[in-house]
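Engineer: Structure provided below as structure tokens; questions to follow.
The values are calculated or read from the model by the stated rules, or taken from the named source; none is laboratory data. Every value quoted in this text rests on a predicted model; they were computed, and no experiment measured them. Don't worry about glycine lacking a Cβ; one is built from the backbone with ideal geometry, like all the others, and counts go over all protein chains shown.
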2 protein chains.
Amino acid sequence: MMLSRPVSSQLDEIDRTLLTLLQDDASTSHADLAQRVGLSATGVHKRLKHLRQGGYIKKVTAVLDRSKLGLDLLCILKVTFRGNLQPDNLAELQRCIQALPEILECYTVTGSSDAIIKVAVRDHVALRDFLHRLSTQQQAIERAETCIVLQELKEGGELPLGNA
Amino acid sequence: MMLSRPVSSQLDEIDRTLLTLLQDDASTSHADLAQRVGLSATGVHKRLKHLRQGGYIKKVTAVLDRSKLGLDLLCILKVTFRGNLQPDNLAELQRCIQALPEILECYTVTGSSDAIIKVAVRDHVALRDFLHRLSTQQQAIERAETCIVLQELKEGGELPLGNA
DNA sequence: GATGAAATGTTTACTAA
DNA sequence: TTAGTAAACATTTCATC
């Protein structure tokens, strides 16, 4: 016999719709959300509480306009290390992330580079300064190709939940 | 003689602090924010209104947990086109972004690749399927190096406003 | 999950600096 | 132009069904 759902249950379609709506605009009121998914505001509230407590929603954040804030130059760095991703290099990289706030994102990856770093700076002077601080703090960099972003065709990265 | 500031004025330190706090948690109440910046809730409200209307805050979004939603495989694609970034290729790329929701971010860049694409999929089967649809829809791809993300050392990309 | 009441949070008009 | 006070309004949350 099928008892009630486990605490950390699978998400149903209403949950996924709610998450999609909140990815688009997290300031939507419960009443609005309720109308769209065909539930009461309280029903929405309980589901959101579950989604937050279950860690599905990690946080709610304000997305700012980089240009308006003077950070016009976006770059993607492809970095390779001497000795690849050996523990020392990784530890140093993590220290860099803490020390250099211009680093927006940082991933270690397979392929021709060891790490990929996204950086936002004011202009090419700030970029030069950043690269100098990076190479000072990360001793084991063998090569760092700086790719300047020409166009942001899509960003923000809302997850596709239609088939999740 | 120096007259009053234009409507779309520069941001002061309180504005920047508010933006930083909202990047960290956009669900913070006006009362809480007020306490932190030494203002009344009304003062905060007026500043936030200005920041929203001025376009400094583009939107408020819920950040979801990829793993919990079954999108465990994050990849970064370095793509080069036959004929580089010629208009036809760009148009086709924009169509791809619309058609392939797995694409979280897409940038055209300088350097050894023409575009860099961030993709989230469920597993390697979904990745294979995605790559197939990509190459079908984007005819002019000369080469696409798929870098699988091993670790997300930093993501989300909150902007550093200390020196803005 | 729904209803309605209580607690919070937000917005506005008004006032003062 | 900017911010504070207080009141009106809306939303979120909780107890109860």
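Engineer: Can you pull out the residues in the stretch B:65-77 that are free of Cβ contacts under 8 Å to residues at least 12 places away in the same chain and over 15 Å from A:T20 (Cα atoms)?
Structural biologist: Taking the stretch B:65-77 and keeping what is free of Cβ contacts under 8 Å to residues at least 12 places away in the same chain, we get B:65, B:67-69.
Result: B:S67, single match.
Engineer: Still on this structure: From the list A:V125, A:V109, A:V149, A:V121, which one is of a type outside the set (S, T, N, Q) and touching a Ser or Thr at 6+ places or on another chain (Cβ under 9 Å)?
Structural biologist: Details: A:V125 fails: touching a Ser or Thr at 6+ places or on another chain (Cβ under 9 Å); A:V109 fails: touching a Ser or Thr at 6+ places or on another chain (Cβ under 9 Å); A:V121 fails: touching a Ser or Thr at 6+ places or on another chain (Cβ under 9 Å).
Result of the check over A:V125, A:V109, A:V149, A:V121: A:V149.
Engineer: Out of B:L90, B:L11, which single residue is more than 12 Å from DNA strand D (Cβ to nearest atom) and either in a loop (DSSP other than H, G, I, E, B) or facing chain A (nearest Cβ under 9 Å) (or both)? Spell out the reasoning first.
Structural biologist: Numbers: B:L11 fails: more than 12 Å from DNA strand D (Cβ to nearest atom).
From the options B:L90, B:L11, the qualifying one is B:L90.
Engineer: Moving on to the next point. Taking the conditions exactly as written (surrounded by 14 or more Cβ atoms within 10 Å (Cβ to Cβ), of a type in the set (V, I, T), within 14 Å of DNA strand C (Cβ to nearest atom) and more than 8 Å from chain A (Cβ to nearest Cβ)), does B:V37 satisfy them or not? Walk me through how you get there before you give the answer.
Structural biologist: Values: surrounded by 14 or more Cβ atoms within 10 Å (Cβ to Cβ): yes; of a type in the set (V, I, T): yes; within 14 Å of DNA strand C (Cβ to nearest atom): yes; more than 8 Å from chain A (Cβ to nearest Cβ): yes.
Spelling it out, B:V37 is indeed surrounded by 14 or more Cβ atoms within 10 Å (Cβ to Cβ), of a type in the set (V, I, T), within 14 Å of DNA strand C (Cβ to nearest atom) and more than 8 Å from chain A (Cβ to nearest Cβ).
Engineer: If you don't mind, another one. Determine whether B:A62 is touching a helix residue (DSSP H, G or I) at 6+ places or on another chain (Cβ under 7 Å), without any contact (Cβ under 8 Å) to a residue 24 or more places away in the chain, away from DNA strand C (no atom under 14 Å from the Cβ) and not assigned by TED's automatic domain parsing to the domain that holds B:R133.
Structural biologist: Working: touching a helix residue (DSSP H, G or I) at 6+ places or on another chain (Cβ under 7 Å): yes; without any contact (Cβ under 8 Å) to a residue 24 or more places away in the chain: yes; away from DNA strand C (no atom under 14 Å from the Cβ): yes; not assigned by TED's automatic domain parsing to the domain that holds B:R133: yes.
Yes; evaluated as a whole, the condition is true for this residue.
Engineer: Here's something else I'd like to know. When you check B:L48 against the structure, is it within 27 Å of A:K58 (Cβ to Cβ), within 16 Å of DNA strand D (Cβ to nearest atom), in contact (Cβ under 8 Å) with a residue 24 or more places away in the chain and within 12 Å of chain A (Cβ to nearest Cβ), yes or no?
Structural biologist: Values: within 27 Å of A:K58 (Cβ to Cβ): yes; within 16 Å of DNA strand D (Cβ to nearest atom): yes; in contact (Cβ under 8 Å) with a residue 24 or more places away in the chain: yes; within 12 Å of chain A (Cβ to nearest Cβ): yes.
Yes, satisfied.
Engineer: Let me ask something additional. Select, from A:C96, A:C147, the only residue that is within 14 Å of B:I116 (Cα to Cα), of a type in the set (A, V, I, L, M, F, W, C) and crowded, with 17+ Cβ neighbours inside 10 Å. If you could, list the steps in order and put the result at the bottom.
Structural biologist: Values: A:C96 fails: within 14 Å of B:I116 (Cα to Cα).
Answer to the selection: A:C147.
Engineer: Can you give me the number of residues within the stretch B:51-79 that are at the interface with another protein chain (Cβ under 7 Å from one of its Cβ atoms) and more than 13 Å from DNA strand D (Cβ to nearest atom)? Break it down into steps so the answer makes sense when it comes.
Structural biologist: Kept after step one, since they are at the interface with another protein chain (Cβ under 7 Å from one of its Cβ atoms), are these residues of the stretch B:51-79: B:55-66, B:68-71, B:76.
Narrowing the set further to residues that are more than 13 Å from DNA strand D (Cβ to nearest atom) leaves B:55-59, B:61, B:63-66, B:68-71, B:76.
Of the residues in that region, 15 qualify.
Engineer: Considering the stretch B:116-164 alone, what residues qualify as being facing chain A (nearest Cβ under 8 Å), of a type in the set (A, V, I, L, M) and either within 26 Å of B:L90 (Cβ to Cβ) or without any contact (Cβ under 8 Å) to a residue 24 or more places away in the chain (or both)?
Structural biologist: Those that are facing chain A (nearest Cβ under 8 Å), of a type in the set (A, V, I, L, M) and either within 26 Å of B:L90 (Cβ to Cβ) or without any contact (Cβ under 8 Å) to a residue 24 or more places away in the chain (or both): B:I116, B:A120, B:V149, B:L150, B:L153.
Engineer: Now a separate question. Of the numbered conditions (1) more than 16 Å from DNA strand C (Cβ to nearest atom); (2) away from every other protein chain (no Cβ under 12 Å); (3) free of Cβ contacts under 8 Å to residues at least 60 places away in the same chain, A:R82 satisfies every one except a single condition; which is it?
Structural biologist: So A:R82 meets the others, but not (3).
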